[in-house]
Amino acid sequence: MAILDDLKTRFLRLGKHKAVSRMVRATVPLDKAVTRISGGAVHLIPEALLPQLTLTTVGKRSGLARTVPLLYVRDGEDYVVIASNFGQKHHPAWSYNLEANPDAEVLLGTRRTPVRARRVSEADRKRLWPSIVAVWPAYDDYVNWAGGRTIKLFRLTPR
């Protein structure tokens, strides 16, 4: 277990570098494919390192199902996802999809759960932020890299 803890600590420290952030962002299409092929059983980054789910939304303009792997934190029965877009200056497309149609689906492991999304209140944001950066410390850096953009947080409540 000590080896896994050491690996996790090193991985989380690396995530604070822009080059690593770009590399992780570039792996998203591959992660989506691996998750789809495995039925949700496998992600590129093991659950032991980072808690991940796959969110399926309805495209705001296309009306088509759109999937994206995301880190999350639990808040009671709810999942909280972070629309950081790796610290880019614009919001991720999936966040606009949730705002247009809050009904979505979470794939966690091989279990699919319908959810309803809503933006996290400012009070909840302040309460949740320490647990969010405990999962991925680079989120604090993403806030700075985003150039003043408020990173949206969404609460996904199972229906």
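Per-structure values
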| quantity | calculated |
| --- | --- |
| Residues (open to solvent by 20 Å² or more (accessible area, probe 1.4 Å) and within 19 Å of G147 (Cα to Cα)) located in segment 83-95 | N85, F86, Q88, K89, H90, H91, A93 |
| Residue within segment 95-114 that is among the β-branched types (V, I, T) and assigned to a helix (DSSP H, G or I) present | no |
| Among the residues listed as L7, L12, the single one being open to solvent by 80 Å² or more (accessible area, probe 1.4 Å), at pLDDT below 75 and part of a helix (DSSP H, G or I) | L7 |
| Subset of segment 18-59 [among the basic types (K, R) and surrounded by fewer than 16 Cβ atoms within 10 Å (Cβ to Cβ)] | K18, R22, R25, R36 |
| Subset of segment 54-70 (residues that are of a type in the set (D, E, K, R) and either part of a loop (DSSP other than H, G, I, E, B) or within 14 Å of R112 (Cβ to Cβ) (or both)) | K60, R61 |
| Residue in segment 42-52 that is outside any loop (DSSP other than H, G, I, E, B), closer than 23 Å to R155 by Cα and touching a Lys or Arg at 6+ places or on another chain (Cβ under 8 Å) present | no |
| Residue under evaluation S131, criteria (1) at pLDDT 95 or above; (2) more than 13 Å from the chain's Cα centre (by Cα); (3) of a type outside the set (D, E); (4) assigned to a loop (DSSP other than H, G, I, E, B), criterion not met | (4) |
| Some residue of segment 60-82 being in contact with a helix residue (DSSP H, G or I) (Cβ under 6 Å, 6 or more places away or on another chain), open to solvent by 30 Å² or more (accessible area, probe 1.4 Å) and over 25 Å from S21 (Cβ atoms) | yes |
| From G87, G109, G59, G76, residue being in contact (Cβ under 8 Å) with a residue 60 or more places away in the chain and more than 20 Å from A41 (Cβ to Cβ) | G87 |
| Positions within segment 64-100 being aromatic (F, W, Y) and either at pLDDT below 95 or under 18 Å from Q52 (Cβ atoms) (or both), in sequence order | Y72, Y79, F86, W94 |
| Residues located in segment 42-58, provided they are in contact with a helix residue (DSSP H, G or I) (Cβ under 7 Å, 6 or more places away or on another chain) and at pLDDT 95 or above | L55, T57, V58 |
| Hits in segment 107-134 (condition: closer than 15 Å to L12 by Cα and surrounded by 15 or more Cβ atoms within 10 Å (Cβ to Cβ)) | I132, V133 |
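The values are calculated or read from the model by the stated rules, or taken from the named source; none is laboratory data. The model shown is predicted, which means the values in this text are computed figures rather than measured ones. All Cβ positions, glycine included, derive from the backbone under ideal geometry; neighbour counts span all protein chains shown. Side chains are part of the model used for accessible areas, which takes the heavy atoms of the whole protein and leaves out ligands, DNA and RNA. Shrake-Rupley method; radii C 1.70, N 1.55, O 1.52, S 1.80 Å.
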